[in-house]
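Values in this text are rule-based calculations from the coordinates and carry no lab data. None of these values were measured; they are calculated from a predicted model. Here the Cβ is made from the backbone with ideal geometry for all residues, glycine too, and neighbour counts use every protein chain on show.
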Amino acid sequence: MTAFSMPCWKKLRALLSALSFALAIVTPLSVSAEGITVKKAELVANEEWYFLQADFDIDLNKSLEEALEKGISLNFLVDLEVTRPRWYWVDEVIVSTRQNVRISYHALTRQYHFSSNNTNLSFNTLAEAKDELKHVANWKVFERNVVKKGTAYRAALRMKLDIKQLPKPLQVDALGTKEWDLASEWFRFPFTP
């Protein structure tokens, strides 16, 4: 009996390890990549102000795209915090600011509209509007005199879908499902003026 079971066990073990290897390869590919991630961010100075330059990777799921095509605006919040680390107490918040960004679709003109604090643009496709949403450029965030030259600071950036700006029936729906939970993790980076 041992002689018969050993070859079968070896074949079964080889089959199981091949199957687990195949699952390890296929599983990451089959997991949807929906969400927001911050690819890079930096604070750039001119004579008077610091400006934020950032790039995001944004993937909208089917529910969000369908809602957008039905005329529901998607409002996003871009949050930036600059803190000064302190060893004896909690970090001091130097700057905490927020920018509202919106993508909407107008069926009459068949165009997607992108708007932020200082920009209003129209696009023919959702891909073009998402490309604009992926880049934050020249966002005036704080004056140069707010930070001290040579002092080390920490900056943190994130983007999230603002569920509070959705129509009330969708807000209730959004609270109960992951489809509407679209937010990046805080992207932290050092900053020294």
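At a 10 Å Cβ-Cβ cut-off, how would you order TRP49, TRP89, fewest neighbours first? Could the numbers behind the result be given before it?
Working: TRP49 14, TRP89 7.
So the ranking, lowest neighbour count to highest, is TRP89, TRP49.
Between rounded, prolate and oblate, where does the stretch 103-193 land on the alpha carbon gyration tensor, with a ≥ b ≥ c its root eigenvalues, rounded for a/c under 1.5, else prolate if a/b exceeds b/c?
Verdict is oblate for the stretch 103-193.
Please work out whether the stretch 61-143 counts as rounded, prolate or oblate from its C-alpha gyration tensor, where a ≥ b ≥ c are the square roots of the eigenvalues and a/c under 1.5 means rounded, while otherwise a/b larger than b/c means prolate and anything else oblate?
It is prolate, given that a/c is not under 1.5 and a/b is the larger ratio.
If the cut-off is 26 Å between C-alpha atoms, which lysines fall inside it for LYS149, apart from same-chain ones fewer than 8 positions away?
Of all the lysines, those that pass the test against LYS149 - Cα under 26 Å, at least 8 places apart if same chain - are LYS40, LYS140.
Name the trypsin sites (Lys or Arg not before Pro) in the stretch 46-133 that are in a loop by DSSP and that have at most 12 other C-beta atoms within 10 Å, would you?
Listed in order of number, the matching sites are LYS70, ARG86, ARG110.
Hey, fewest Cβ within 10 Å first, where do HIS106, HIS113 land in order?
Final ranking by Cβ density, sparse to dense: HIS106, HIS113.
Setting aside same-chain residues fewer than 8 positions from LYS178, which lysines have a Cα under 16 Å from its Cα?
LYS62, LYS160, LYS164
Using label points projected 7 Å from each Cα along Cα→Cβ, tell me how many nm separate HIS106 and LEU77, to one decimal.
Taking the simple label geometry, HIS106 and LEU77 are separated by 2.8 nm.
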